[in-house]
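Peer 1: I have a structure I would like to understand better, so I am pasting it below and will then ask my questions one at a time.
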Amino acid sequence: MKICGIDPGLTGGIAFYDGSVVNAYRVPTLKIANKKILDMEAICKLMVFHEPDMVCIEQQQAMPRQGVASTFKTGFNYGIYIGILHALGYSYSVVIPRKWKADLFVTSDKNQARMRATELMPDGQSSWSLKCEDGVAEAALIAYWGLYCGQSPSGSNTGLSAKNFTKASIRGLLGPDDTLPKQ
């Protein structure tokens, strides 16, 4: 089973892990009018190329003392990822950072996340060797969590649960004939 892990920030990452091989990437971005935005086409191409069986995406939320513009950008980018997953028909789990980090014994320290990813997936170390690639390491850890902890409650160290969305539940949003509701 191949799991995709997504750290959805602009400096985050996308990783694919099947238990032996990890392919991890920085989030594809574009620069338009001096602003960095998600490259939706490149994200779709990565997803289609790797064909994951399941996607685990880290839930995003407003943080204390975070500015309004930053909060909006965080939510906007998270929404883009959820839209891409729905449009491509992938089943996915939304996991809060506190859950996957507790299950894998990862602290909030970004360097520690890179070190832990290297411990668990040493072959992927070159993907997160730079300090600025902590989001890539976290995406790989989220994929690792999805494979070993997220699929069954017995693999979890916490009482927290992830929200699971399957292709069937996604289609249920549209109706029995996969069309939009009539107006």
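The values are calculated or read from the model by the stated rules, or taken from the named source; none is laboratory data. These figures come from a predicted structure and were not determined experimentally. Reconstructed Cβ throughout: ideal geometry from the backbone, glycine too, with neighbour counts over all protein chains shown.
Peer 1: From the set of residues in the range 3-50 that are modelled with pLDDT under 95 and among the polar types (S, T, N, Q), which is surrounded by the fewest Cβ atoms within 10 Å (Cβ to Cβ)?
Peer 2: The selected residue is ASN34.
Peer 1: Another question, if that's okay. Could you tell me which numbered condition GLN61 fails, if it satisfies all but one of (1) surrounded by 18 or more Cβ atoms within 10 Å (Cβ to Cβ); (2) in contact with a Gly (Cβ under 9 Å, 6 or more places away or on another chain); (3) more than 15 Å from ILE3 (Cβ to Cβ)?
Peer 2: Result: GLN61 fails condition (1) only.
Peer 1: Working only within the range 76-115, note down all residues that are among the aromatic types (Phe, Trp, Tyr) and either crowded, with 20+ Cβ neighbours inside 10 Å or farther than 21 Å from LEU10 by Cα (or both).
Peer 2: Selection gives TYR81, TYR90, TYR92, TRP100, PHE105.
Peer 1: May I ask you to say which residue of GLU138, GLU119 is surrounded by 16 or more Cβ atoms within 10 Å (Cβ to Cβ), part of a helix (DSSP H, G or I) and either out of contact with any Phe, Trp or Tyr (no Cβ under 8 Å at 6 or more places or on another chain) or without any contact (Cβ under 8 Å) to a residue 60 or more places away in the chain (or both)?
Peer 2: GLU138
Peer 1: Considering only the range 129-144, state which residues are within 20 Å of LEU46 (Cα to Cα) and either at pLDDT 95 or above or small (Gly, Ala, Ser) (or both).
Peer 2: Scanning the range 129-144 gives GLY135, VAL136, ALA137, GLU138, ALA139, ALA140, LEU141, ILE142, ALA143, TYR144.
Peer 1: Aromatic (Phe, Trp, Tyr) and more than 23 Å from GLY124 (Cβ to Cβ): is that true of TYR78 in this structure?
Peer 2: Yes: the conditions hold for TYR78.
Peer 1: Confirm whether PHE72 is in a helix (DSSP H, G or I), modelled with pLDDT under 90 and over 17 Å from GLU133 (Cα atoms).
Peer 2: In short, yes.
Peer 1: Could you check the range 87-116 and list, in sequence order, the residues that are assigned to a helix (DSSP H, G or I) and under 24 Å from GLU51 (Cβ atoms)?
Peer 2: ALA87, LEU88, TRP100
Peer 1: Now, a different point. Would you pick out the residues in the range 43-65 that are assigned to a strand (DSSP E or B) and either more than 13 Å from the chain's Cα centre (by Cα) or within 12 Å of TYR81 (Cβ to Cβ) (or both)?
Peer 2: Within the range 43-65, VAL55, CYS56, ILE57, GLU58 meet the criteria.
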